[in-house]
Amino acid sequence: MNKNKFNYRCTDCGKEYSGSETMYLCPICSKSNTEDQPPKGVLKTIYNYSEIKDRTSGFKELESNCFIELLPIKKLESLPKLKVGNTPLYKFEKLENKELSFELYCKDDSQNPTYSFKDRASNVVSAYAKEQGFETIVAASTGNAGSSLAGLCAAQGQKEIIMVPEAAPIAKLTQIIMYGATIVPVKGTYDDAFDLSLKATEEFGWYNRNTAYNPFTIEGKKTVSFEIFSQLNENIPDRVFVPVGDGVIISGVYKGFEDLLELGYIDKMPTIVMVQSEGSDNIVRNMDRESFEAKSSSTIADSISVDIPRNFNLAKQYIKKFKGEYITVTDNEILIASKKLSKNTGIFSEPAAATAFAGLLSYQKNNKIEDKSKNVVLLTGSGLKDLKAVNKLLDIPESVKPDTENLKKFFNKI
Ligand SMILES: Cc1ncc(COP(=O)(O)O)c(C=O)c1O
């Protein structure tokens, strides 16, 4: 390792590159990338762990400095002013009024400034762009990454261009426009928007925040693992249920715990459970295949509706290396989970996030959760971002005349 704060390491060929340059994918491995296959050459950001360990007194010291030692930026002042991360980890003892035999924790990342987990990545990308003097940042997004980047760039006074599939939910589009970003609706899917943003990055020299393509999206996302470790009094959970589309959030969760392993603060990895929607299962379905085969996706969980998962290779590597687990859940299970979660915890999540809870419910139903084990469900986005998705569950009663006789009738009816 040279005197840079970090280096990049290709997750496919292992070649290291100096962190002094702005890089996206490994130039060697990405040469043969095609639009119908998950990209090769995603870069991991590697720090000088032994030097950090020698220089600092332990996890608490790193935490008190907001983990700047483990971020690819020079100073905390470069981050947007909005409060990102440090979201609550709630413990629930009961579900449907029944005591649980295991410990259930919900990490509520809808408490981020733009109401989704994606703020963790946008925060770091925005700070890096500021330090490197990039004026314009572009992102392709199913909605959350775009609204997140738009919000955090608004706080920093940066210019951003967001490319979204034309079918993105209205709340997310509204956020992007209200934050003042230039929105480019792209005829086609998220994958079409992604490819267009790459072409524009090359042609116009903008800084690109695309998930996985920009290695620092993983760096921002990994902070959730540091927080979970801290909130469990410097213990790891037994399982973390993660909703998965492109496979970047799950890789961020792994990378955070992997940094802690490298630093010797933990000695094993928690079991990470990848939860995908049955209608968008391109990672789960391809876990044991020789060559990747894409299936066109369709699910109510729009944020995890992905045909070509941009971080397939790294997510698969992590899951194989650390014996992760994976399941799919149906749209109906996602809807039921969404209602159950709201009713039992007071946390209203968007369908993608409820997918992780549906995963936990499926494990519970199949007796796959050990007694007294610690289980964290990652709730990655607010339900207010996609009201249409839960329309089916809404049965809004007819209005009553404002007198108590009518009120009695009303209650007799329901
Ligand atoms: C709310 C929410 N949950 C989960 C995910 C899945 O993350 P990834 O695509 O990195 O797997 C996303 C991604 O857009 C999201 O917005």
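Worth pointing out:
- Some residue of the range 389-411 being of a type outside the set (Phe, Trp, Tyr), within 16 Å of the ligand (Cβ to nearest atom) and closer than 30 Å to Thr174 by Cβ: yes
- When Tyr254, Tyr265 are screened for being of a type in the set (Ser, Thr, Tyr), within 16 Å of the ligand (Cβ to nearest atom) and touching a Phe, Trp or Tyr at 6+ places or on another chain (Cβ under 8 Å), only Tyr254 passes.
- Residue within the range 359-371 that is within 12 Å of the ligand (Cβ to nearest atom) and either free of Cβ contacts under 8 Å to residues at least 24 places away in the same chain or polar (S, T, N, Q) (or both) present: no
- Search result, residues across the range 52-103 that are hydroxyl-bearing (Ser, Thr, Tyr) and open to solvent by less than 30 Å² (accessible area, probe 1.4 Å): Thr56, Ser78, Thr87
- Among all residues of the range 154-163, there is none that is polar (S, T, N, Q) and at pLDDT below 95.
- Check on Tyr363, among the hydroxyl-bearing types (Ser, Thr, Tyr) and within 18 Å of the chain's Cα centre (by Cα): no
- Test: residue in the range 208-218 that is of a type in the set (D, E, K, R) and open to solvent by less than 10 Å² (accessible area, probe 1.4 Å): yes
- Scanning the range 331-353 for residues that are touching a strand residue (DSSP E or B) at 6+ places or on another chain (Cβ under 8 Å) and within 20 Å of Lys98 (Cα to Cα) returns Ala337, Ser338, Lys340, Leu341, Ser342, Asn344, Thr345, Ile347.
- Residues of the range 219-251 satisfying the condition of being within 16 Å of the ligand (Cβ to nearest atom), open to solvent by 10 Å² or more (accessible area, probe 1.4 Å) and among the acidic types (Asp, Glu): Asp246
- Filtered by the rule that a residue be part of a loop (DSSP other than H, G, I, E, B) and within 15 Å of the ligand (Cβ to nearest atom), the range 306-337 gives Val306, Asp307, Ile308, Pro309, Arg310, Asn311, Gly324.
- Condition check for Leu384: open to solvent by 40 Å² or more (accessible area, probe 1.4 Å), in contact with a Ser or Thr (Cβ under 9 Å, 6 or more places away or on another chain) and under 30 Å from Leu89 (Cβ atoms): yes
- So Asn375, is it in a strand (DSSP E or B), within 23 Å of Asn86 (Cα to Cα), away from the ligand (no atom under 16 Å from the Cβ) and open to solvent by less than 90 Å² (accessible area, probe 1.4 Å): yes
- For Ser362, the stated conditions do not hold, so it cannot be described as touching a helix residue (DSSP H, G or I) at 6+ places or on another chain (Cβ under 6 Å), open to solvent by less than 40 Å² (accessible area, probe 1.4 Å) and at pLDDT 95 or above.
- Considering the range 271-305, the residues that are in contact with a helix residue (DSSP H, G or I) (Cβ under 9 Å, 6 or more places away or on another chain) and assigned to a helix (DSSP H, G or I) include one that is farthest from the ligand (Cβ to nearest atom), namely Asn286.
- Boolean, Thr87 is within 16 Å of the ligand (Cβ to nearest atom), among the polar types (S, T, N, Q) and either in contact with a strand residue (DSSP E or B) (Cβ under 6 Å, 6 or more places away or on another chain) or at pLDDT below 95 (or both): yes
- Boolean, Ile327 is under 19 Å from Lys222 (Cβ atoms) and within 20 Å of the chain's Cα centre (by Cα): no
The values are calculated or read from the model by the stated rules, or taken from the named source; none is laboratory data. A quick note: this is a predicted structure, and the numbers were derived from the prediction, not measured. FYI the Cβ positions are ideal-geometry reconstructions off the backbone, even for glycines, and counts take in every protein chain you see. Side chains are part of the model used for accessible areas, which takes the heavy atoms of the whole protein and leaves out ligands, DNA and RNA. Shrake-Rupley method; radii C 1.70, N 1.55, O 1.52, S 1.80 Å.
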